[in-house]
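What follows is a short report on a single structure.
The values are calculated or read from the model by the stated rules, or taken from the named source; none is laboratory data. Predicted model, so just to flag it, every value in this text is computed and none were measured. Here the Cβ is made from the backbone with ideal geometry for all residues, glycine too, and neighbour counts use every protein chain on show. Accessible surface is based on the protein model in full, side chains and every heavy atom, while ligands, DNA and RNA are left aside. Shrake-Rupley method; radii C 1.70, N 1.55, O 1.52, S 1.80 Å.
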Amino acid sequence: LNAAPGRAPRQRVRFLPAPAPASGGGGAVELVAARVPVLADHPLVRGPRFRKLKIGAGHRLDVKASGVFVLGIGHGNKLLTELYNCHLTKVYTVRGLFGKATDDFSDTGNLVEKTTFDHITREKLERILAVIQGTNQKALLMYSNIDMKTQEAYELAVKGLIRPMGKSPPIITAVRCLQFALPEFQLEVHCLHETQQYLRKMVHEIGLELKSSAVCTQVRRIRDGVFSVDDALPRTQWNLQSIQEAIWNCQFKVETELEKTL
Amino acid sequence: RGLGVAAGPPSTRQLREAEEAAPVFQYAGKAARRKDRVFVWGFSYSGALGVPSFVRPDAGWKKPRRIQPTPYRLETEEKISSAACGYGFTLLASNTRDVTKVWGMGLNKDSQLGFQRSRRDQTKGYEYVLEPSPIPLPLEKPQQTRVLQVSCGRAHSLVLTDSEGVFTMGNNSYGQCGRKVVEDEIYSGSHLIHQLKEFDSRVVQVVCGQDHSLFRTKKGTIYACGWGADGQTGLGHYNITSVPTKLHGDIAGVNIIQVSSYGDCCLAVSDEGDVFGWGNSEYLQLASVTETTQVNVPRHLPFKIGKIKEAACGGTGNVVLTEEGNVFVWGYGILGKGPNLIETAVPEMIPPSLFGWSDFSPDIRVAHVRCGLSQFAAFTNRGELFVWGKNLRGCLGTGRMEDQYFPWRVTVPGEVVDVACGVDHMVSMVRSF
């Protein structure tokens, strides 16, 4: 950042004594107005423009999980807090494996139990997912602290805009089964206020409901509010140019989202 | 492991070997079948829930539970195929060929559950039945006849069999049991169960209103008997009828595929998707065709909402389900579109997003609708149950005591197959996962 051309130095109007005419000394010194760069702005005087950068992080991402991770720089930190208060949903793809149960619900933990899983079909899985969605919908309405008896509550419920706007336990707004190939399966989960460990626990509970057991092999966040995988920069692109482009592209989206919600 | 080797953490190979050697547990085999269960909730002091420990606790520390606010599982001996809730009592029927086919619980002051011989005094009967007790039906071939459907009204009940007609029991002061009204008849502790066989073809559906009975036959005709002061018998007069008589009016010649009633208003759906109504119209249920408050002849209701698949009548409000899966409500009371909609004469649609429809799951559709006295219930093809309406003594099953102004999910551990709504309690038949 420091290598980039800095801001043009401030200009100030100064009255400078003009070089005195060569003929004879004395006489009135003429003052000529001239635009002169202020010495205080000279890079050698001021030093490098950026010494420290304030970087803040968005919603937490586990060590074992991967995906979109939002960072804010400088003024972006304030936008980060505002985005946090918007309570937008995050989308994860969760991969799981039937037949094993471990103590930390992922495939790297200590084995607790092995079970059979050949009775599991896609329909059974989808039924369980429908139940999970149903109970979470109820939790959504309950934690949003809206009085159910008002007309506004009804209208918001019709549009599907009821969301908990404060602290709440993890809520899953939608689940969908993307792939199902015994013993593996992949789900797409839309959730609020969750942690990755909660998603792994959910995979484990799905296994229990289906009278078997399951562990989570992969958790990947594909969308965090307005930022999706398409906007995200992979490891190879962590350089200034791409970061600046990415910030520029996302600014508009962030602004519209903030306006919509607040 | 030799003595010369240090302990240390198990290596990856050892872990893998331990994992492969671990025993495999089997919880459900390939032939694991889904079980059918019955869940009840609502007001329990009448015994209608069938759980005696709610009314008379069997352990010292238990307290009597007046209201069961969330679904509670009821253990039954057989698989229940049909259930009906009346005013404080419930009937459960199974499709078996065994001798015991129908169980009843709840109020029995008018012998609506048949004669339940009291154990203390062999001559008298129980007035409150707290547990599902078998109802003895006078069948000619008890081991061949199957019970198809049961229905309950305010103080009478109907049992439909496949080959022996309809059995009626309970209060007959208005002829709702289909037999001649006997003055000053004492209904409590009565052994009388009347059998009705004279219809033009086999009866396929029986429906009880508050004090009247409706029978739908295979040919698509409707018979009615009972109280008619609101015109709910649809026979063209306001007197009581004690013999099932055929209905005419706008439904003459129309093949009716479903009929419904719970209070004093009745609705019938034809095979072409038209809906006909008669009976009480004080709450604007039939106001789209007439200004009078009682209609005693079936009238066609010209609603332009699409082909209608199913209709359900409540005490003050009605609901229909169209072929596309949309739910329309009209009438008076908490109709399900927020607290502002209290009464309407024209059907209003409830947005499908309230039933779980969204871009994420666009194939969710309401499969059936049911009505209690002031509540509505609808369940989807995924097996989710939604209720709304007046929460009388916890009958909605949401866990809260407040009235519900828009459809709300009831968490039932299973896929809901059928629901029966009563005045202050509900029964649902659920299949486990």
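Can you name the condition, by its number, that A:F98 falls short on among (1) closer than 29 Å to B:Q26 by Cβ; (2) open to solvent by 40 Å² or more (accessible area, probe 1.4 Å); (3) aromatic (F, W, Y)?
Among (1) closer than 29 Å to B:Q26 by Cβ; (2) open to solvent by 40 Å² or more (accessible area, probe 1.4 Å); (3) aromatic (F, W, Y), the lone unmet condition for A:F98 is (2).
I need the full set of residues from segment B:23-72 which are closer than 29 Å to B:F386 by Cβ, among the small types (G, A, S) and open to solvent by less than 30 Å² (accessible area, probe 1.4 Å), in order please.
B:G42, B:S44, B:S46, B:G47, B:A48, B:G50
Consider A:V189 against the criteria (1) within 14 Å of chain B (Cβ to nearest Cβ); (2) surrounded by fewer than 18 Cβ atoms within 10 Å (Cβ to Cβ): it satisfies all of them except one. Which criterion is unmet?
Only one criterion in (1) within 14 Å of chain B (Cβ to nearest Cβ); (2) surrounded by fewer than 18 Cβ atoms within 10 Å (Cβ to Cβ) is unmet by A:V189, namely (2).
For segment A:220-246, enumerate the residues that are of a type in the set (V, I, T), out of contact with any strand residue (DSSP E or B) (no Cβ under 6 Å at 6 or more places or on another chain) and surrounded by 15 or more Cβ atoms within 10 Å (Cβ to Cβ). Walk me through it before giving the result.
Filtering segment A:220-246 for residues of a type in the set (V, I, T) gives A:222, A:226, A:229, A:236, A:243.
Still in the running and out of contact with any strand residue (DSSP E or B) (no Cβ under 6 Å at 6 or more places or on another chain): A:226, A:236, A:243.
Listed by number, the residues that qualify are A:V226, A:I243.
Any residue in segment A:236-248 that's under 17 Å from A:V226 (Cα atoms): show its pairings with residues that are in a helix (DSSP H, G or I) at Cβ separation under 9 Å, as long as the two are six or more apart or on different chains.
Final answer for the pair search is A:I243/A:Q237; A:A246/A:Q237; A:I247/A:G76.
Of all residues in segment B:15-43, count the ones that are within 7 Å of chain A (Cβ to nearest Cβ) and assigned to a strand (DSSP E or B).
2
Please tell me if A:A174 is in contact with a His (Cβ under 7 Å, 6 or more places away or on another chain), within 14 Å of chain B (Cβ to nearest Cβ) and among the small types (G, A, S).
On the way: in contact with a His (Cβ under 7 Å, 6 or more places away or on another chain): yes; within 14 Å of chain B (Cβ to nearest Cβ): yes; among the small types (G, A, S): yes.
So A:A174 fits the description; yes.
Name the single residue that is most open to solvent (accessible area, probe 1.4 Å) among those in segment B:402-433 being more than 12 Å from every other protein chain (Cβ to nearest Cβ) and over 17 Å from B:Y87 (Cα atoms). Lay out the reasoning, then the answer.
Filtering segment B:402-433 for residues more than 12 Å from every other protein chain (Cβ to nearest Cβ) gives B:417-429.
Okay, now just the ones that are also over 17 Å from B:Y87 (Cα atoms), so B:417-418, B:429.
Working: B:V417: 76, B:D418: 38, B:M429: 15 Å².
So, considering only residues that are more than 12 Å from every other protein chain (Cβ to nearest Cβ) and over 17 Å from B:Y87 (Cα atoms), the one most open to solvent (accessible area, probe 1.4 Å) is B:V417.
Got at least one residue in segment B:45-61 being under 27 Å from B:C395 (Cβ atoms) and basic (K, R)?
Checking segment B:45-61: at least one residue is under 27 Å from B:C395 (Cβ atoms) and basic (K, R).
With the condition kept exactly as written, say whether any residue in segment A:200-211 is of a type in the set (K, R), over 25 Å from A:E257 (Cα atoms) and either open to solvent by less than 40 Å² (accessible area, probe 1.4 Å) or within 14 Å of another protein chain (Cβ to nearest Cβ) (or both).
Yes: one or more hits.
So which residues in segment A:101-123 are more than 8 Å from chain B (Cβ to nearest Cβ) and assigned to a strand (DSSP E or B), if there are any at all?
At the first step, the residues of segment A:101-123 found to be more than 8 Å from chain B (Cβ to nearest Cβ) are A:101-110, A:112, A:117, A:120-123.
A:A101, A:T102, A:S106, A:V112 - these are the residues of segment A:101-123 that are more than 8 Å from chain B (Cβ to nearest Cβ) and assigned to a strand (DSSP E or B).
Of all residues in segment A:160-170, count the ones that are modelled with pLDDT of 80 or more and within 14 Å of chain B (Cβ to nearest Cβ).
Initial filter on segment A:160-170 (modelled with pLDDT of 80 or more): A:169-170.
Then keep just the ones that are within 14 Å of chain B (Cβ to nearest Cβ); that gives none.
Number satisfying all stated conditions: 0.
Assuming A:Y154 fulfils every condition listed in (1) at the interface with chain B (Cβ under 7 Å from one of its Cβ atoms); (2) among the aromatic types (F, W, Y); (3) within 30 Å of A:K211 (Cβ to Cβ) apart from one, which condition is it?
It is condition (3) that A:Y154 fails.
Working carefully through the options A:L97, A:L141, A:L129, find the one that is modelled with pLDDT of 85 or more and in a helix (DSSP H, G or I).
Details: A:L97 fails: in a helix (DSSP H, G or I); A:L141 fails: modelled with pLDDT of 85 or more.
Result: A:L129 is the single residue among A:L97, A:L141, A:L129 that is modelled with pLDDT of 85 or more and in a helix (DSSP H, G or I).
Being within 14 Å of chain B (Cβ to nearest Cβ), over 14 Å from A:F185 (Cα atoms) and among the hydrophobic types (A, V, I, L, M, F, W, C) is the filter here; which residues of segment A:81-100 pass it? Outline the logic, then answer.
As a first pass, look at segment A:81-100 and keep what is within 14 Å of chain B (Cβ to nearest Cβ): A:89, A:91, A:97-100.
Then keep just the ones that are over 14 Å from A:F185 (Cα atoms); that gives A:89, A:91.
Listed by number, the list holds a single entry, A:V91.
Taking the condition of being under 13 Å from B:T241 (Cα atoms), touching a residue at least 60 places away in the same chain (Cβ under 8 Å) and either in contact with a Ser or Thr (Cβ under 6 Å, 6 or more places away or on another chain) or not in a loop (DSSP other than H, G, I, E, B) (or both), how many residues in segment B:167-222 meet it?
Within segment B:167-222, residues that are under 13 Å from B:T241 (Cα atoms), touching a residue at least 60 places away in the same chain (Cβ under 8 Å) and either in contact with a Ser or Thr (Cβ under 6 Å, 6 or more places away or on another chain) or not in a loop (DSSP other than H, G, I, E, B) (or both) number 5.
Looking at segment A:177-186, which of the residues that are open to solvent by 50 Å² or more (accessible area, probe 1.4 Å) and within 14 Å of another protein chain (Cβ to nearest Cβ) is modelled with the lowest pLDDT?
Restricting to residues being open to solvent by 50 Å² or more (accessible area, probe 1.4 Å) and within 14 Å of another protein chain (Cβ to nearest Cβ), the top hit is A:L182.
Condition first: at pLDDT 90 or above, away from chain A (no Cβ under 14 Å) and in contact with a Cys (Cβ under 7 Å, 6 or more places away or on another chain). Can you find one or more residues in segment B:63-85 that meet it?
Checking segment B:63-85: at least one residue is at pLDDT 90 or above, away from chain A (no Cβ under 14 Å) and in contact with a Cys (Cβ under 7 Å, 6 or more places away or on another chain).
Being surrounded by fewer than 17 Cβ atoms within 10 Å (Cβ to Cβ) and at pLDDT below 75 is the requirement here; does A:R60 meet it? Give the derivation first.
Working: surrounded by fewer than 17 Cβ atoms within 10 Å (Cβ to Cβ): yes; at pLDDT below 75: no.
Taking the combined requirement at face value, the residue does not satisfy it.
Just to be sure, is B:G228 touching a residue at least 24 places away in the same chain (Cβ under 8 Å), crowded, with 23+ Cβ neighbours inside 10 Å and part of a loop (DSSP other than H, G, I, E, B)?
Yes: the conditions hold for B:G228.
For segment B:25-43, which residues satisfy the criterion of being in contact with a His (Cβ under 8 Å, 6 or more places away or on another chain) and modelled with pLDDT of 90 or more?
The answer is B:V40, B:W41, B:G42, B:F43.
Hey, among the residues in segment A:124-146 that are more than 10 Å from every other protein chain (Cβ to nearest Cβ) and open to solvent by 40 Å² or more (accessible area, probe 1.4 Å), which one's farthest from the chain's Cα centre (by Cα)?
A:I146
Checking the structure you have, find out if any residue of segment B:92-99 is surrounded by fewer than 24 Cβ atoms within 10 Å (Cβ to Cβ), of a type in the set (A, V, I, L, M) and either assigned to a strand (DSSP E or B) or under 17 Å from the mean Cα position of the chain (by Cα) (or both).
We begin by selecting, within segment B:92-99, every residue surrounded by fewer than 24 Cβ atoms within 10 Å (Cβ to Cβ); these are B:94-99.
Next, only the ones that are of a type in the set (A, V, I, L, M) stay: B:99.
Restricting the remaining residues to those that are either assigned to a strand (DSSP E or B) or under 17 Å from the mean Cα position of the chain (by Cα) (or both) gives none.
Scanning segment B:92-99, I find no residue that is surrounded by fewer than 24 Cβ atoms within 10 Å (Cβ to Cβ), of a type in the set (A, V, I, L, M) and either assigned to a strand (DSSP E or B) or under 17 Å from the mean Cα position of the chain (by Cα) (or both), so the answer is no.
Where the second residue is among the small types (G, A, S) and open to solvent by less than 20 Å² (accessible area, probe 1.4 Å) and the first is closer than 30 Å to B:R33 by Cα and lies in segment B:393-418, which pairs have Cβ atoms under 6 Å and are six or more apart or on separate chains?
Cβ pairs passing all conditions: B:R409/A:G134; B:V410/B:G397; B:G414/B:S432; B:E415/B:G383; B:V416/B:G383; B:V416/B:S428.
Specify the residue that is farthest from the chain's Cα centre (by Cα); the eligible residues are those in segment B:287-311 that are surrounded by 19 or more Cβ atoms within 10 Å (Cβ to Cβ) and under 14 Å from B:G273 (Cα atoms).
Applying the filter and picking the extreme gives B:L301.
Among (1) modelled with pLDDT of 90 or more; (2) in contact with a Phe, Trp or Tyr (Cβ under 9 Å, 6 or more places away or on another chain), there is one condition B:E415 misses while meeting the rest; what is its number?
Going through the list (1) modelled with pLDDT of 90 or more; (2) in contact with a Phe, Trp or Tyr (Cβ under 9 Å, 6 or more places away or on another chain), B:E415 breaks only (1).
What is the residue count in segment A:87-119 for residues that are among the hydrophobic types (A, V, I, L, M, F, W, C) and within 30 Å of B:W408 (Cα to Cα)? Show your work before the answer.
Residues of segment A:87-119 among the hydrophobic types (A, V, I, L, M, F, W, C): A:88, A:91, A:94, A:97-98, A:101, A:105, A:111-112, A:117.
Then drop every residue that is not within 30 Å of B:W408 (Cα to Cα), which leaves A:88, A:91, A:94.
Counting residues in segment A:87-119 that are among the hydrophobic types (A, V, I, L, M, F, W, C) and within 30 Å of B:W408 (Cα to Cα) gives 3.
Looking only at segment B:324-379, which residues are under 27 Å from B:V427 (Cβ atoms), assigned to a loop (DSSP other than H, G, I, E, B) and more than 14 Å from every other protein chain (Cβ to nearest Cβ)?
B:G325, B:G333, B:G372, B:L373, B:S374
So which strands (runs of 3 or more DSSP E) are wholly in segment B:101-159 and hold at least 3 residues that are open to solvent by less than 10 Å² (accessible area, probe 1.4 Å)?
Working: elements: B:102-107, B:128-134, B:147-152.
Correct list: B:102-107, B:147-152.
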